[in-house]
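**Student:** Let me give you the structure first, and then I'll get to my questions.
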Amino acid sequence: MPGREEAAANGWTRVAALSELPSGTMVCVEPAGEPIAIYHLDDGTFCATDAICSHQYALLTDGVLEGDMVECPLHAAQFDVRTGRALCEPAETDLRIYEVRTEGDDIFLKL
């Protein structure tokens, strides 16, 4: 497996440790000044999307994660964290998704 230096050279940025993100939880990181939500799903999958709701400014990681759906804390818009797809009103615009990988205790995003 590539080390951190090689990962950085290939566009990957270390953003968190696995030990900081138990299964079924989410966290907001800002590796390039933009808030990105990382989700650790119950099946062990890691996903990442924009952390700000596309409907109105609210931090999705302040909402609720159920399975592979996150619900915004402001107006209950819901998004599929695997695809970024807006699942219900009031959200009409999908979220951008990011590639995620893990290596040892590190979580990396491709920005």
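**Student:** Out of everything in the range 80-111 that is part of a loop (DSSP other than H, G, I, E, B), over 16 Å from residue 36 (Cβ atoms) and of a type in the set (D, E, K, R), what residue ends up being modelled with the highest pLDDT?
**Tutor:** Taking the candidates together, the pick is 85.
**Student:** Inspect the range 55-62 for any residue being in contact with a Leu (Cβ under 6 Å, 6 or more places away or on another chain) and closer than 23 Å to residue 13 by Cβ and give the result as yes or no.
**Tutor:** Within the range 55-62, none of the residues are in contact with a Leu (Cβ under 6 Å, 6 or more places away or on another chain) and closer than 23 Å to residue 13 by Cβ.
**Student:** Return the residue satisfying two criteria in turn: it lies in the range 29-66 and is β-branched (Val, Ile, Thr) and out of contact with any strand residue (DSSP E or B) (no Cβ under 6 Å at 6 or more places or on another chain), and of such residues it is farthest from residue 79 (Cα to Cα).
**Tutor:** Among those residues, the one meeting the criterion is 45.
**Student:** Can you name the number of the only condition in (1) of a type outside the set (D, E, K, R); (2) in contact with a helix residue (DSSP H, G or I) (Cβ under 8 Å, 6 or more places away or on another chain); (3) at pLDDT below 95 that residue 52 fails?
**Tutor:** (3)
**Student:** Taking the condition of being hydrophobic (A, V, I, L, M, F, W, C), under 11 Å from the mean Cα position of the chain (by Cα) and part of a loop (DSSP other than H, G, I, E, B), how many residues in the range 28-64 meet it?
**Tutor:** Residues flagged as hydrophobic (A, V, I, L, M, F, W, C), under 11 Å from the mean Cα position of the chain (by Cα) and part of a loop (DSSP other than H, G, I, E, B) within the range 28-64 amount to 2.
**Student:** Can you run down the residue pairs with Cβ atoms below 8 Å, 6 or more apart or on separate chains, where the first is in the range 84-104 and surrounded by 15 or more Cβ atoms within 10 Å (Cβ to Cβ) and the partner is in a strand (DSSP E or B) and acidic (Asp, Glu)?
**Tutor:** Listed pairs, sorted by first residue: 84/50; 95/50.
**Student:** Scan the range 50-74 and report the pairs whose first residue is more than 20 Å from residue 30 (Cβ to Cβ) and whose second residue is acidic (Asp, Glu) and assigned to a strand (DSSP E or B), with Cβ atoms within less than 7 Å and a gap of 6+ or a chain change.
**Tutor:** Pairs that qualify, where the first residue is more than 20 Å from residue 30 (Cβ to Cβ) and the partner is acidic (Asp, Glu) and assigned to a strand (DSSP E or B), are 64/71; 68/80; 69/80.
**Student:** While we're looking at this one, here's another question. Given the criterion surrounded by 16 or more Cβ atoms within 10 Å (Cβ to Cβ), of a type outside the set (Val, Ile, Thr) and within 15 Å of residue 97 (Cβ to Cβ), identify the matching residue among 60, 74, 21.
**Tutor:** 60
The values are calculated or read from the model by the stated rules, or taken from the named source; none is laboratory data. Since the model is a prediction, treat every value here as computed from it, not as a measurement. No Cβ is skipped: glycine too gets one built from the backbone with ideal geometry, and neighbour counts run over all protein chains shown.
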